[in-house]
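To start, the structure under review is shown below, and the notes come after it.
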Amino acid sequence: MEILITLIKIVGTLVWFLTLTLYLTWVERKESAVIQDRIGANRASILGIRAFGLFQPLADAVKMIFKQDFVPAFSDRILHSLAPFLSFFFVAVTITAVPFGDSLRIAGRTVALQVIDGSAGLIFILAMLSMGIYGILLGGWASRNRYSLLGGMRGAAQLISYEVALGFSLVGLVMVFPSLRLSDIVAFQGGLLFGFLPRWGVFLQPLGFALFFIAALAETKRVPFDLPEGESEIIGFFTEYGGLKWGLFMMTDFMEIIVMSALMTTLYFGGWQVPWLGPGGFHFPWGGEWPLPRGAVVALQVASFNIKVVFGCWLQILIRWTYPRLRYDQLMDLGWKILVPLGFANIGLTAVLIGVLS
Amino acid sequence: MCVVEIDGCPKLELACATAVKDGMDVRTGTDRGCEARRVVLEFLLAEHPLDCPVCDKAGECRLQDYYQDHGLFASRFNEAKTKRAKLVPIGKSLLLDRERCILCTRCVRFLEDITRTHELGVFERGNRSEVGTREDREVATNYAGNLVDLCPVGAITDREFRFSTRAWFLKRSASFCPLCGRGCEIWIDQHPGFARTVRSKRIYRVRPKENPRRNGPWMCAAGRRGFAVLDSHRIDQIFRIKDGRRTILTWDKGLHWAALKLEELSAKGHSGRIAVVLNSFLSNEELFLARRLFRDSLHVGSLAFLDPEPGIPDGFLLTSQRSSNRRGARELGFDPAPPDWDRIAETAELLLLFAHPLLDAAAKGPIEKAWNRVRTRILVTPRESGLEAGADVILPSALPAEKPGSWTNIDGSSSAFESALESPGEALAEWRILTGLARELRIDGMAGLESIGRVREDCLRMHPFFKVT
Amino acid sequence: MTVKDGARFAIEVLRGGLITARHFAVNMARHSLRAIGIRTRRTGAVTIQYPEARKQVPSRHRSLHRLLTRPDGRPRCVACMLCLTVCPSECISVEADEDPDPEIQKTPIRFEIDLSRCCFCGFCVEACPEDAIRMDTGILEWGRLGRDDLRIEIWPGPGPGRKI
């Protein structure tokens, strides 16, 4: 029974994740179009129904699947095929640790809306995200194309650098939160600060959030941090890929956006928490209550989580369509000379504040 | 248009009609002279139609040149221009446009003074004067083509060239006419076509190049029309024909094959069974090489010359000899006699035939018998001669205008020329075929003759007669 | 980079983000209002949905060439080949012949343009002394699958496989 429930959760999470990924490509196209006074993809139609181009991701998927699976003669065939799947796998696996909502009580069972609630969930996510480097490096290496290899090396260097910054930005948070278990972190954020402000990570760690956000953007390796790929001029690590494998790399990119957004939501925006919503309904700090049934509360919480994640994605796409790419030295400067020292400062400041307040 | 100022003469004088005297002080560029020329030009242009866009002469028209030099004025002639006949056939594929005619009478004078055939004259008087044929006699002279060249405007045009292209597209290159013993110096006007436009022909016209010691500024109709024939039905691949099937060879293989057959016979001491037929369109250098190769080294059994039949001379430029270099062949010690086909048919096992560019199916009658009897037949030809089907190997050669060399004309004066045209495809000049054969046969004393300069040098050392003066 | 520079940098980064965010908000609002049937002064996008909607071709725009004709239907062109001469991409080829009218004298029997080379500079139009060639057809879609299909005869007219 436990296994069945876990299976259902895994499938449900993956369906949610992949659907969101697929439609994130549509969102990216449409959002960039709206930003630039265009219309965006609207030609894909089924039986003449265009539906704002909502079928475009399907058309893309069909096209990618039916494209020739081309492997260059000079490449390492096994590693070349392995790389995109590695990339894909390590990103896909992270989402299992993210809590979608409070636990449900169905037929006397308590079902957590989370696949794995590990005691070190945060570390698990960070670890899995670091593993994504292998996909990039292998992609560049197995192509046996010098430029792809350089792209892969650039990618690896960038990701490792920003992982340091990412880790430091989270240390302050870990100091504030009681646990590394993500469900505990979310539950902790249900409390109030100063009696009215939700106790969200972003209010507890504003500097930490800024550092985390920038580092997370770099981790997704999209514009303005897209040096590994550099589609318009410098050659990237998946130059030798086409069809479905290229599609996997591309999907990985979008999945990383969602993972980063979900992580941001979980750590800094209270996860599935809705401000002032307790298990029994709303308790407003200015007095007054609005009792709600349990089902409605869980629905609100799940909706809250989704809205926050989608907003996070929207914000990342907005950033991708706003800023020009950093130069490589600027990228390294930003990582090592600004984010890491500021991360240190944040840790010190947090330590001092915790000491003073306790 | 040629008025000049001469010191001592009160009026402007016509330069072309004034005898030169000692101590004469002639000024050509004075204001008075220029003004006079400008006025004359304005009169000439007053009635001249604005046909330039459709006129064949445009681009090489003297009137246009003078207008550039003196005029660039707007016309002050407001009256309607007189309409005249624009398309008068005056014979020999010539067309006369009376509107364009400026009545310089060059054509009339040419037919009176040079050809003395008097077909054209100026009729009527004053404003109504016009050039016309006398008593409806057509211009029938062999030199009618010169009228087109000497007409300063586009009044006389040639049907053949008319409207085919524009003068400024043509690239001219100097050459010599190969079609008779005179060896007139000519310009070949070619137009290679545009980047993606292949032209049906490349040579648009042949004009005389002034050479006072040979042809003056003239040339005959045979020379003008001949090139269209010469540059048609070209062969541009090396072929090996076996059992009626043609395969394409490279030069290395083709020459190797030919040399092998020659060597087979000469090594067995059967050089006498080799027959070589040359022609007198070959240059002195080529004949020189052929003599050393075939007579001095291989000692071939028969060495003869196949030339076009002699024609009727016209008493001016065209000679009875209808090839360019018979005199050169004689000076080199050849007897340019036609081959004895019966003897060749009986004795020869190998026939190497250097076909002349005018050899065609009509002329092959007597050759064919011998050609079909001989076992090994090597044909060197620039054009389809009608003998291809019976050949074992066909080596494409160049037209005279496509190679450097020298000729000695009927009067014994030698003239050197450079290649004026590109050979089509794989076609190669005969001197290169001969040096190639010598290389393959490893003939002593013929090594190192790899450039035409070396061949010329060697030839001149042994035959100073060919020195070009 | 000083702290001051860094702060200014951060502010500018934020301002940039706000500009795109504003574009997004305004355009999204226009799109949404129009979707529910409320007319806004401007549309959310400047896009013209090309094959269905078309922009007006400006009157001086240089599009596909055409040869003008005389009242009797024969071409105005006299095959003077000035267009050929002036053409920088050598894409025109003309064959001339005698015109039955001795006043006209010369007429094209074939007027071909290689669109794969043509750069639409319009020099041929300017060079023409007879105002015979113009580039005002407004035809912009002349793409073909093969290079040879791009050699179009504009006189004596579209031949087989050369429809325009």
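The values are calculated or read from the model by the stated rules, or taken from the named source; none is laboratory data. Note that the structure is a prediction, hence the values are computed from the model and not measured. Backbone-built Cβ (ideal geometry, glycine too); neighbour counts: all protein chains shown. Surface accessibility is based on the protein's heavy atoms, side chains included, excluding ligands, DNA and RNA. Shrake-Rupley method; radii C 1.70, N 1.55, O 1.52, S 1.80 Å.
Here are the numbers for the structure shown:
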item	result
Counted residues, region B:226-250 - those being of a type outside the set (Asp, Glu), surrounded by 14 or more Cβ atoms within 10 Å (Cβ to Cβ) and under 16 Å from B:PRO400 (Cβ atoms)	6
Residue in region C:73-83 that is modelled with pLDDT of 90 or more and more than 14 Å from chain B (Cβ to nearest Cβ) present	no
Within region B:151-172, tally of residues that are more than 14 Å from every other protein chain (Cβ to nearest Cβ) and open to solvent by less than 20 Å² (accessible area, probe 1.4 Å)	4
Unique residue being at pLDDT 90 or above, within 14 Å of chain B (Cβ to nearest Cβ) and in contact with a strand residue (DSSP E or B) (Cβ under 8 Å, 6 or more places away or on another chain) when the list is C:PRO108, C:PRO88	C:PRO108
Search result, residues across region A:34-53 that are under 25 Å from A:LEU248 (Cβ atoms), within 14 Å of another protein chain (Cβ to nearest Cβ) and hydrophobic (A, V, I, L, M, F, W, C)	A:ALA41
Residue count, region C:111-137 (criterion: within 19 Å of B:ARG196 (Cβ to Cβ), within 11 Å of chain B (Cβ to nearest Cβ) and open to solvent by 50 Å² or more (accessible area, probe 1.4 Å))	2
Hey, B:VAL206 away from every other protein chain (no Cβ under 14 Å), open to solvent by 20 Å² or more (accessible area, probe 1.4 Å) and of a type outside the set (Phe, Trp, Tyr) or not	no
Out of A:LEU244, A:LEU248, A:LEU277, sole residue that is touching a residue at least 12 places away in the same chain (Cβ under 8 Å), more than 30 Å from A:SER75 (Cα to Cα) and touching a helix residue (DSSP H, G or I) at 6+ places or on another chain (Cβ under 8 Å)	A:LEU277
Hey, B:VAL54 of a type outside the set (Phe, Trp, Tyr) and within 14 Å of chain C (Cβ to nearest Cβ) or not	yes
Count - residues of region B:11-48 that are open to solvent by less than 60 Å² (accessible area, probe 1.4 Å), under 36 Å from the mean Cα position of the chain (by Cα) and of a type in the set (Gly, Ala, Ser)	1
Unique match (being modelled with pLDDT under 90, more than 9 Å from chain A (Cβ to nearest Cβ) and surrounded by 10 or more Cβ atoms within 10 Å (Cβ to Cβ)) among C:ARG8, C:ARG22, C:ARG42	C:ARG42
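So that you can scan it fast, the table gives a plain yes or no per residue for (1) under 14 Å from B:ARG456 (Cβ atoms); (2) in a strand (DSSP E or B):
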| site | (1), (2) |
| --- | --- |
| B:PRO396 | no, yes |
| B:TRP407 | yes, yes |
| B:SER415 | yes, yes |
| B:LEU421 | no, no |
| B:THR435 | yes, no |
